[in-house]
Amino acid sequence: MKSLFLIALVCAAPGWGQTMYKCPDPSGVTKYQQMPCSPTGGGDAITVKPIAGSGGGLRPSEAAALKNLSEGNAAIAQARAEKQARIIAEDRRQEALNVEREKAEAMREQAAAIRALGYRY
């Protein structure tokens, strides 16, 4: 089980080398993690080497799929940003309309007060 976890950990490592730490706990179970075992250090440092092959171990079809996924995510993020900008613009437009409505209502009330006093224009 431990060796299966270590193999999965090594296979999931990014394309560049990375330092991992082997940390035994008091009960004798060994854990692998990206940070030192304690704030002062400790544990055995293990350098995870890149997987041999192009693109950090990715096949060309996988690299193309990853590129397409990244481009798709960028397009989604751009669409969300544009939608948020439209929402903000509409909120500002509605706020300006409400201000104008309040001005018009104030002018109506002022005209009604003047008429009530009997003044003619």
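The values are calculated or read from the model by the stated rules, or taken from the named source; none is laboratory data. Since the structure is predicted, the reported quantities are computational estimates derived from the model, not experimental observations. Because the Cβ atoms are built from the backbone with ideal geometry, glycine has one as well, and the counts that use them run over all protein chains shown.
Number of residues in segment 24-46 that are part of a loop (DSSP other than H, G, I, E, B) and either touching a residue at least 60 places away in the same chain (Cβ under 8 Å) or not charged (D, E, K, R) (or both): the value is 12.
Quickly run through segment 36-70 and pick out the residues that are over 30 Å from P26 (Cβ atoms), surrounded by 13 or more Cβ atoms within 10 Å (Cβ to Cβ) and modelled with pLDDT of 75 or more. A63, the sole residue that qualifies.
On the given criteria, is C23 at pLDDT 75 or above and among the hydrophobic types (A, V, I, L, M, F, W, C)? Yes: the conditions hold for C23.
Each row is one residue, and each column tells you yes or no for (1) small (G, A, S); (2) part of a helix (DSSP H, G or I).
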position: A65; (1), (2): yes, yes
position: G72; (1), (2): yes, yes
position: I76; (1), (2): no, yes
position: A81; (1), (2): yes, yes
position: A85; (1), (2): yes, yes
position: E100; (1), (2): no, yes
position: E109; (1), (2): no, yes
position: A112; (1), (2): yes, yes
position: Y119; (1), (2): no, no
